[in-house]
Each structure stands twice: as structure tokens, then as C-alpha cells.
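Here's the structure we're looking at; comments come further down.
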Amino acid sequence: MTLAIVHQAPPAEPTSSGALSWRTCLRDVTFLADSHWRRPDAIAEEEAYGLLLEILCGLRSPMLGETQVMGQFKAFLATVPAEHGWVKRVGQRLLADAGAIREQHLHHLGSRSYGSAVRHRVGGCDRIGIIGTGKLASEVLTFLAGHGRTIDVWGRRAEAPFDLPEGVTYRQLTDVAALDLVDAPSALVVAAPVSSMLAAGVAARYRGLQLLIDLRGEQDGGAIDVPAPSVTLQDIFAEMQAARRHAEAQCAEAKHEIARRSRQFGMRDDRRPFGWDDLCA
């Protein structure tokens, strides 16, 4: 059996009747039978195997190196019917190769978004305050919510403009003096262009403050006066840039390994005109 696929962005047009497709929100991968693999839009053998490995390693995802796509592919393989058993066998080999490549080259890619960089910095703080209700604050909240933390989102509106996960409370900045003093190890993230005085007022409610992360631009005011170490937007940006350079080097190594394993796949000795033997043997 020849490995051949058609890779399309959703919503994809049907490729052939009875073909098996793996669909996610980002892609539609259809596995073609031998009678259809010479289609002009088909990708075959080493090229197809390499593309699938890049997808499973997270190299084709918006968040480089993300792991969710492997879980989606495992779930897809669990639904493959018996008549498409060759897809399951190829899929198991792909998962094994992708797992090895991830382990060797794609661990610890570093913080490559504001949210992940903030999460890395706050460490073991039990209480987090986030000033802001815009896109940046929402991204930071996505990375921080859960993990047993208590989070306060501070904004000017009467109500939060987005749904709050469990463990997150919305507080108005006008009510800052009404918050009981917090003694737990805390961090405050300033993710809105508020004044330094206002941010310092919020920080004063966290008596256990261990870290201030100021994501305002330079034009948004001077330093915030708090009795704790401060991290600036420039510090976070430099960390993200270093992580991106590191990730680019790691991804280049991963792609080299993908090319090697794809060549091995192309030279397999079980390509026979009567179908696949045991691909995993």
C-alpha cells in the first residue's frame, strides 16, 4: 500500500468516496487508497510521512511544539475501522517517531508568548492579581487560571467582559480599598495602561507580594513603587526573543531528524503489491 494523503484547510471538499479523513479545527488530512493516490493534489510516501511527522511534532501549529495535536491523532486512530487497518499501522509508527523526536529535540522550547512568560515567572505564588480586561490580560489569565491558584482580575467596568474560570474573581479598581489585605505569596501583573499610582494602590492590598510584572509600554508611566522585585515588559520581551531563537535551532534539528526518519520509511522493506505486512514489526 502506498502512503498518500491530501492535506487541506477546513472546510475541505470531499476527496474521494469512502476515504478516511482525520479532521481538526486546523486541517483535514485524507488517506487515499492506491487507486486514488496519483491525484495531482496528493502527497505520497516520504513527503507525506514527513508532513505528518511535522504536524504531530507541533511544527505546523500556531503554538510551536504544542502537544494537543498528538492527542487528537491518537483519538482518530482509535476510530479507524478494520478495513483501513494499514492507516492505523502507519499511524502507530508516526506516533512512535514523533514521540522520539519531541523527546530529543522539542522539550523546553521556552516562553514564546506573554502568557507563558508570565506563568514561568510567577512560580509558586498562590494568589495572582491581574490589572486589565483587554486582550493581553485575557491571554495572561488563560495561562494562569487553574493549578490551585486564586486570581483577582481588576478592571474599570462594572462586570468582567469575559467568562471567568473557576477560582477567578472580578474586582473593580474603584473598590481597591475594600479588598482585605492578602498575606499569601502573591504576584501582580499589570496588563493595562493604568497609572503607576493606581497600580501601586492595587499592589498595596497584597501584603505577601513577591513579584510585580509590569506589561505596560514605556509611554504608560514610570516605575511602580512596590516593595518587591519588578519585571518589565522589556524583560519579558527579551526572554521571549531568546526563547524564539532557541526554538528555531531546536526545530531545525527536529526537521533534520524528520527527514531522516521519512527516508527510512520510504526504504521500508514491506512495500509489496499485495498490501502491508506488519509495519510495526
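Observations on the structure shown:
- Partner lysines for LYS88 [C-alpha distance under 20 Å; skip if fewer than 8 residues away on the same chain]: LYS74
- Relative to the dominant Cα principal axis of the chain, helix 233-266 is inclined by about 10°.
- Neighbour net charge for LEU179 - beta-carbon separation under 12 angstrom, K R +1, D E -1: +1
- Net charge of neighbours whose Cβ lies under 13 Å from the Cβ of PHE76, counting Lys and Arg as +1 and Asp and Glu as -1: +3
- Assigned charges on the beta-carbon of Lys, Arg, Asp, Glu; the chain dipole about Cα centre (debye): 240 debye
- Charge sum, other residues only, whose C-beta stays under 11 Å from LEU26's C-beta, Lys/Arg counted +1 and Asp/Glu -1: +1
- Estimated 222 nm signal from helices in the chain, with DSSP H stretches of n ≥ 4 weighted -39500 (n - 2.57), rounded to 500: -12000 deg cm²/dmol
- Whether segment 114-228 is rounded, prolate or oblate, judged on the alpha carbon gyration tensor where a/c under 1.5 counts as rounded: rounded
Taken together, the values in this text are just the output of simple stated rules run on the coordinates, not laboratory data. The structure presented is a predicted model; accordingly, all values stated were derived computationally and were not measured. Every residue, glycine as well, gets a Cβ built from its backbone with ideal geometry; the counts of neighbours run over all protein chains shown.
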